[in-house]
Amino acid sequence: MIKEKLAALIGDALKQARAEGDLDLDLNIQLDANLTGDKGVLLERPRDPEHGDLSCALPLQIAALAGLSAGSSGGAAEKLAQSIASHMCSGPGLYLAAVSVRAPGFINFKLSAVALAEVLSDIVRQQSRYGFPAEKIAADDAVNWASRTNCAPDADIYRTYVYCRSVLRQAQEPRINILSGLLEEPLLSPQQWRDFLCEMKDGPAIFLDLFSDGGRLACDLILELDDFPRQVRAAGEFNESARLRRYTRAMAQDLRRFCGRFNLGEGLFCSQLSVLKARLGLIFATKQVLGNALGIIELSAPERI
């Protein structure tokens, strides 16, 4: 998952900065795995898109443990943030497109298009296995695990799943041109659809056109999809049955926001084939995760409502 991988990169950068004596701040504290591991590094979506895709306040946490305020010692937390950021690689072709620091001690991350697109490719490859912990797959524990996560979905989740299926079906069926009244060929022929399914599994390249326009909305949705395995684990471990429903509803809302930016009808079905495939790929991955969520709560995904 993106957040777990990024948290590990942050921890590695902090350790490297300390080992090389590159920290501007002598903390004199022990930084254990609880602070620098994936559970200790809290990554959140910044409200301002100019601040990147994810933001981390770890330098402020460390400065607080050292008994320093954010503005003391000449901006101790901000200096620490600069030191950590300087040991994180970013740029074209890398996992991170950019890393920046914002006062009083935040580190902002811009994810690369490849990193985001790989999430979608991974979902398509795993399909019904995506997000399921090992104990859910094991037959002897499946019933107990399902009972710990059971919650009733609402109509909003059903409608979004059916919408995804409808869009994907429309792309494969002949359509009537509302202006000419003539029957047109499908957007994707049967062979193109088969090729499309293979391309999604082969790697992230097919999804990259998502970020040419509307990238922020696509990123919002992809980060929600990427968080599905963690949400499933938490729902099972802590018996938080409503958690999965809240999460799935948020995912559905993100999909509607992404699709809502396009005009009705032909707006979503772009005439440029690469863009069309990228959009359909995002909808395909969202449908898969919605279906997996409905499967977890022991309900079958609907064809229509």
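Laboratory data are not the source of any read-out in this text; all were calculated from the coordinates shown. A quick note: this is a predicted structure, and the numbers were derived from the prediction, not measured. When we count neighbours, we look across all protein chains shown, and the Cβ atoms used for this are built from the backbone with ideal geometry, even at glycine.
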- Item | Among (1) farther than 18 Å from Asn292 by Cβ; (2) surrounded by 15 or more Cβ atoms within 10 Å (Cβ to Cβ); (3) out of contact with any helix residue (DSSP H, G or I) (no Cβ under 9 Å at 6 or more places or on another chain), the one test that Leu188 misses | (3)
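Please enumerate the residues belonging to segment 99-112 that are under 30 Å from Gly281 (Cα atoms) and either of a type in the set (S, T, N, Q) or within 12 Å of the chain's Cα centre (by Cα) (or both). Give the derivation first.
Looking only at segment 99-112, we keep the residues that are under 30 Å from Gly281 (Cα atoms), and these are 99, 108-112.
Residues satisfying the conditions are Asn108, Leu111, Ser112.
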